[in-house]
Amino acid sequence: DVKVTQSSRYLVKRTGEKVFLECVQDMDHENMFWYRQDPGLGLRLIYFSYDVKMKEKGDIPEGYSVSREKKERFSLILESASTNQTSMYLCASSSGQNWKAFFGQGTRLTVV
Amino acid sequence: GDSVTQMEGPVTLSEEAFLTINCTYTATGYPSLFWYVQYPGEGLQLLLKATKADDKGSNKGFEATYRKETTSFHLEKGSVQVSDSAVYFCALRDFGNEKLTFGTGTRLTIIP
């Protein structure tokens, strides 16, 4: 079965900490995405990557960065966590060949 | 830019009722349209899709028809079940673009 795995289901971090959210996919997909999900706002795209070492800003990249050193792994980095980054973070991957996005289960991050 | 507007929730229905969740979109090009579903505690999964005007996507008794003239992609099901309780997201992907744009989501609760 195809899989997108996010390293943590729940995280609690302190304001100012550097936070790493990891995502791994086993489908050899070119495209990977990070979204945040907030009530009443739906899913908003933070960053996406269409190839190793390539990245594109989404709709809300401020306060975030990403890393894609290997095809299967896409990391989201909060350089200095703030309380307004408390949210559910969803990773997804897709292939241009048969376009369907697969999502991980999400990481619920709380910044205190 | 691209945007998706979907029906505000939450929606509560009795089992076997008819369901409609409205979705309209704005896109600069000729988009593909999707419905994703998020069951409690899980990531999003693709429910159905349509890639051109007048296409009908269907899955698990759900249907949606791509209406270019009204820029709509409403989700329907003739007889809902308790197991359909979830959050439903309408989304689009514009032609030549890898990223998905989501609506705000509609929480559906079916009571026995």
Inset, instruction - Determine whether the stretch A:30-42 contains at least one residue that is closer than 19 Å to B:V4 by Cα and of a type in the set (A, V, I, L, M). - result: yes
Legend entry - Matching option when the condition is at pLDDT 95 or above and over 10 Å from the mean Cα position of the chain (by Cα), among B:L75, B:L13, B:L44: B:L13
Inset, instruction - Could you please let me know if A:K71 is within 14 Å of another protein chain (Cβ to nearest Cβ), farther than 19 Å from B:R93 by Cβ and of a type in the set (K, R)? - result: no
Legend entry - strands (runs of 3 or more DSSP E) within the stretch A:1-57 that include 3 or more residues aliphatic (A, V, I, L, M): A:19-25, A:42-49
Inset, instruction - Go through the stretch B:21-37 and give me each residue that's more than 11 Å from the chain's Cα centre (by Cα) and within 11 Å of another protein chain (Cβ to nearest Cβ). - result: B:S32
Inset, instruction - Consider B:Q45 carefully, then state whether it is in contact with a strand residue (DSSP E or B) (Cβ under 9 Å, 6 or more places away or on another chain), free of Cβ contacts under 8 Å to residues at least 12 places away in the same chain and not acidic (D, E). - result: yes
Legend entry - Test result for B:G61, at pLDDT 95 or above and among the small types (G, A, S): yes
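Residue-wise test of (1) in contact with a helix residue (DSSP H, G or I) (Cβ under 7 Å, 6 or more places away or on another chain); (2) surrounded by fewer than 18 Cβ atoms within 10 Å (Cβ to Cβ).
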residue: B:S72; (1), (2): no, yes
residue: B:L75; (1), (2): no, no
residue: B:Q81; (1), (2): no, yes
residue: B:D84; (1), (2): no, no
residue: B:V87; (1), (2): no, no
residue: B:K99; (1), (2): no, no
residue: B:F102; (1), (2): no, no
residue: B:R107; (1), (2): no, yes
residue: B:I110; (1), (2): yes, no
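Looking at the stretch A:66-77 only, could you name the residues that are without any contact (Cβ under 8 Å) to a residue 24 or more places away in the chain and surrounded by 14 or more Cβ atoms within 10 Å (Cβ to Cβ)?
Within the stretch A:66-77, just A:S67 meets the criteria.
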Legend entry - Selection within the stretch A:39-58 - surrounded by fewer than 13 Cβ atoms within 10 Å (Cβ to Cβ) and facing chain B (nearest Cβ under 10 Å): A:P39, A:G40
Legend entry - Filter pass, B:T51 being under 16 Å from the mean Cα position of the chain (by Cα), within 14 Å of another protein chain (Cβ to nearest Cβ), within 19 Å of B:F95 (Cβ to Cβ) and without any contact (Cβ under 8 Å) to a residue 60 or more places away in the chain: yes
Inset, instruction - Could you please tell me which pairs satisfy a Cβ distance under 6 Å, a separation of 6+ or placement on different chains, a first residue in the stretch B:56-74 that is at positive phi and in a loop (DSSP other than H, G, I, E, B), and a second residue that is crowded, with 17+ Cβ neighbours inside 10 Å and at pLDDT 95 or above? - result: B:G61/B:K77; B:T71/B:T24; B:T71/B:Y25
Inset, instruction - Scan the stretch A:78-112 for residues that are surrounded by fewer than 16 Cβ atoms within 10 Å (Cβ to Cβ) and away from chain B (no Cβ under 14 Å) and jot them down. - result: A:E79, A:S80, A:S82, A:T83, A:N84, A:T110, A:V112
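The values are calculated or read from the model by the stated rules, or taken from the named source; none is laboratory data. Everything numeric here is computed off the predicted structure, so don't read it as measured data. Every residue, glycine among them, receives a Cβ derived from its backbone with ideal geometry; neighbour counts consider all protein chains shown.
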